[in-house]
Structure formats: C-alpha cells, structure tokens
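Visitor: Attaching a single structure in structure tokens format; questions to follow.
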Amino acid sequence: MRITEPRIDEQVVSSKWTTTIAVLMIVLGIIAIVFPFFASIASTLVFGWVFILAGVVQIVYAFQSRGAGQVVWKLILGGLYLFSGIFVVANPLKGVLAFTIVLGVTIFVQGIIQVSIAFRMRRTAPRWGWMLASGIIGIIFGIVIWSSLPYSAVWLIGTLIGVNLLFDGVWMLTLHSGQRRALSDPDSSIAHSSKEL
C-alpha cells in the first residue's frame, strides 16, 4: 500500500523570492533605524493615504446602504476618515506627532492593563512575573514617550518600524535557510515526509 504525503513544493520553499524579500526587509529596517525621521514621515504618509481610501470607500458604501440613519452615520464616519487622511497627508509633521501621542497613550494603557491582570493571576499563573515586568516596562515607555514629546516624534515611529522590519527580515531569512537545510538533508523528517512510504 502506498501512502502519499502532501508534496512539498521545493521551488516555493527554496525560492529566491523569500531570500530577496527577507534581505530587502533587513536593508529597509537598517535604513529606517539610521534615518528614523524619514521613516516616520513615510509611514505617516502611508497611513494618511490609507485613511483617505477608507473614507472614500465608506462614503460610497454609505450611499449604497438603506436606511436614513445608517446613511448619516456612515457618511459621518467616512467624512472623519477622509478628513483625517487629508490632514495627515497635508501636514505629515503634525501627523507624526499625533501618531506618537496615540502610540504613547496605547503603550501606557496597555502596561496598566497588563500589571492589573498580572496581579490578578499571581495565584493561578506561576510565571505571572513576566507579564508584570512587561506591563511595568510599557508604563515606563509610555511615560518616556510623553515626557520627551515632541522630540520623540522625530525618531520613535521610524525606529520602531525599522526594528520591526529588521527582525521580520532576519526571521524570514533564518526560517528559509532552515527549510533549505531540512530539504537537502536526506535524514530530515521533512525530506522523509515528501517521499512515498
């Protein structure tokens, strides 16, 4: 009896596209970390255009909806999206400042919530200290962002985006090279799973 396992597409796994994308993400991440201000402006403009597109879509959707009350609320929501997007695109520096303020508030509130949950879980979760530490770090980071405004707006968002891109690229590159090694190793379980039993 022959059992056929799902065939692993070696061309996809070992594709040069994965390596290329990973290297590109690493390079962009390094550039964003070295030039955080430009990365902050670029990301803010992208968010601005996304808001504009969301506003247009919401307004079109509102006109296609039925019910007077729903149309009004959807138009108001679409108008807010559209206005916010236009404001950010027209004033990217103020947009960066606004995003930094929102980010600082979000991190601070998330830290408070994590600390609260950690204390509630201290009797049931043996590793509640990690959540507590994460919450405290979040609170401190939120305070640092707020206390250093508006100067933190110049570097914070771009640096965070750069670090995120860098780690994502490294992760993709590491995973890709591991898959290639597993496929080329005849003793590996992945290589065995692609053969017929």
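Taken together, the values in this text are just the output of simple stated rules run on the coordinates, not laboratory data. Computed from a prediction, not measured in an experiment: that's the story for all the values here. Every residue, glycine as well, gets a Cβ built from its backbone with ideal geometry; the counts of neighbours run over all protein chains shown.
Visitor: Note down the nm distance, to one decimal, between modelled labels 7 Å out along Cα→Cβ at V144 and at V163.
Guide: If labels sit at V144 and V163, their model points lie 0.8 nm apart.
Visitor: Any idea which of G135, W73, L160 is furthest toward the positive side of the dipole for region 18-184, if Lys and Arg beta-carbons carry +1 and Asp and Glu beta-carbons -1?
Guide: Sorting the options by dipole projection puts first G135.
Visitor: Which value, in Å³ per residue, describes the convex hull spanned by the Cα atoms of region 18-184?
Guide: On the way: hull volume 34.6 nm³, N = 167.
In region 18-184, the Cα convex hull volume per residue is 207 Å³.
Visitor: Placing unit charges on C-beta atoms (Lys and Arg positive, Asp and Glu negative, everything else neutral), compute the dipole magnitude of region 18-184 about its Cα centre in debye, rounded to 20.
Guide: 540
Visitor: From the phi of every residue in region 25-37, what ³J(HN,Hα) in whole Hz does the Karplus formula 6.51 cos²θ - 1.76 cosθ + 1.60 yield, where θ is phi - 60° and glycine or proline is x?
Guide: Result, rounded to whole Hz: 5, 5, 4, 5, x, 5, 4, 5, 5, 6, 10, x, 5.
Visitor: Cα gyration tensor of region 78-117, axes a ≥ b ≥ c as square roots of the eigenvalues: rounded (a/c below 1.5), prolate (a/b > b/c) or oblate?
Guide: Oblate.
Visitor: For an R0 of 45 angstrom, estimate the FRET efficiency from the Cβ-Cβ distance between A42 and I117 and round to the nearest 0.05. Kindly include the intermediate steps, with their values, before the conclusion.
Guide: Working: r = 35 Å, r/R0 = 0.78.
Between A42 and I117 the formula returns 0.80.
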